[in-house]
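J.: This is the structure, below, for whatever I ask next.
The values are calculated or read from the model by the stated rules, or taken from the named source; none is laboratory data. Quantities reported herein were computed from a predicted structural model and do not represent experimental measurements. Virtual Cβ from ideal backbone geometry, glycine too; neighbours counted across all protein chains shown. What goes into the accessible areas is simple: the full protein's heavy atoms, side chains included, and nothing from ligands, DNA or RNA. Shrake-Rupley method; radii C 1.70, N 1.55, O 1.52, S 1.80 Å.
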Amino acid sequence: MALDFIAGCFGGCAGVIVGHPFDTIKVHLQTQDHRNPQYRGTFHCLKTIVARDSVRGLYRGMASPMSGVAFVNAIVFGVYGNVQRRTEDPNTLRSHFLAGAAAGLAQSLVCSPMELIKMRLQLQSESSLGGRVKFKGPLSCLLHIWRHEGLRGVYRGLGITAARDLPGFSSYFVSYEMMTRTTPNPSAFHTLMAGGMAGIFSWLCTFPIDVVKSRIQADETKYKGIMDCIVKSYRSEGLAFLSRGLASTIIRAFPMNAACFLVVTWILNLARKHDSTDKSVQIQISAADETLPIVNQIPQIFIKRHDPLHQQECHHRHRTIRNFVVLAAFQEAICDDEITELINDTFEAHNEGYYLWDTRPSISDLSD
């Protein structure tokens with residue numbers, strides 16, 4: 001649906017703006033050499049990047065996810081909404097789980113090359129290249145990968161990305177639904193908390209897979225594949241490598257996903273209120289039309305302006321007015337001339353371009 005696309009687009013943009021600095025820190029921590037680490041922790045990494053490249057260094061590579069966020073979120077929320085609505089019972093958590101898994105699997109085709117470019121841009125440093133950067137932007141990075149690694153290089157890490165996103169998005173949407181169902185009408189604060197906690201839970205379920213994905217995409221020559229990356233990382237670092245950058249990811253997950261779900265929910269609720277207002281107005285108009293049964297009972301008295309049948313219908317005007325007077329129960333309350341004027345005014349107001357007759361009958365015409 002178009003509404004799913006719009007809400008997902010704005011929600012994704014809000015999440016990227018809030019969470020990208022934390023994502024930059026996560027990537028640096030996940031990909032650093034454990035034998036000669038540059039950073040002692042999350043906050044040390046933050047201070048080092050700001051001191052070396054200023055605040056701009058935290059937002060390096062943001063153009064890639066921001067430029068693709070509309071398409072990615074169109075896939076995520078579009079697939080999620082359509083799959084969830086087409087299940088046997090859309091309100092069950094099982095439906096949300098299946099819809100989330102389908103959305104994660106579908107968006108990984110776009111997300112994998114986008115995250116590859118983002119990561120390569122995040123890892124380049126101005127100081128290491130004498131004040132210059134290797135890639136000027138996402139397009140420059142994409143062309144470099146295409147020329148040196150081909151299509152296979154562009155989609156490097158696709159399998160592990162899909163393996164991360166399938167359980168990641170299913171747990172993401174299910175946990176959010178569970179938390180929002182605890183109250184009938186969630187407030188903005190409740191939505192923020194539910195979205196943030198859903199993001200944290202999703203990352204806790206998939207973070208080890210994300211570590212492997214980051215290492216495969218960061219170095220195109222060091223690892224031959226997923227199992228090769230896991231074996232080499234375990235032999236050199238032990239199981240500790242699976243939690244590299246977890247702290248910065250958790251810190252990033254809460255504000256990013258809270259902002260995303262808050263914006264998405266706000267837009268969807270705004271659209272629903274607008275639709276309900278339109279339906280309410282239509283119901284009121286229909287009810288108002290039903291209060292004028294005389295219009296439906298004597299449609300033959302409507303004569304279109306300049307209609308050639310006008311003259312043939314004029315001889316029925318006397319009987320028509322008498323019937324209207326009886327049905328309206330106005331005969332003893334107001335005079336017949338005022339009734340005639342009331343009829344014409346009523347018909348002209350509800351049927352533009354129509355009138356009853358050109359010349360009003362006299363009182364004597366009504367008395368026969």
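J.: Could you please state how large a percent of the accessible area of the stretch 87-214 is carbon and sulfur, counting protein chains only and using a 1.4 Å probe?
T.: Using a 1.4 Å probe with all protein chains present, the stretch 87-214 comes out at 66 percent carbon and sulfur.
J.: Hey, which of these cross-link pairs are over 26 Å Cα-Cα: 26/232; 47/136; 134/232; 26/136; 136/232; 118/273?
T.: Too far apart for the 26 Å limit: 134/232; 136/232; 118/273.
J.: Enumerate the calculated ³J(HN,Hα) couplings along the stretch 26-36 in order (Karplus 6.51 cos²θ - 1.76 cosθ + 1.60, θ = phi - 60°), each rounded to whole Hz, writing x wherever the residue is Gly or Pro.
T.: 4, 5, 4, 5, 6, 9, 6, 6, 5, 6, 9
J.: Kindly report the accessible area of the stretch 1-55 per residue (heavy atoms of protein chains, probe 1.4 Å, no ligands, DNA or RNA), in Å².
T.: Accessible surface, normalised per residue, equals 49 Å².
J.: Can you tell me the equivalent ellipsoid semi-axes for the stretch 71-181? Use √(5λ) from the Cα gyration tensor, largest first, whole Å. Before the final figure, lay out each step's value.
T.: Details: eigenvalues 259, 41, 21 Å².
Calculated on Cα positions only, the semi-axes equal 36, 14, 10 Å.
J.: Please list the non-local residues whose amide H lies under 5 Å from the amide H of residue 223, H modeled 1.01 Å from N, same-chain partners needing a gap of 5 or more.
T.: Correct list: empty.
J.: Quick check on packing: order 250-263, 189-202, 221-234 by the mean number of other C-beta atoms within 10 Å, highest mean leading.
T.: Top of the packing list down: 250-263, 189-202, 221-234.
J.: On the accessible surface of the stretch 1-77, probed at 1.4 Å, how many percent belong to carbon and sulfur atoms?
T.: That share works out to 67 percent.
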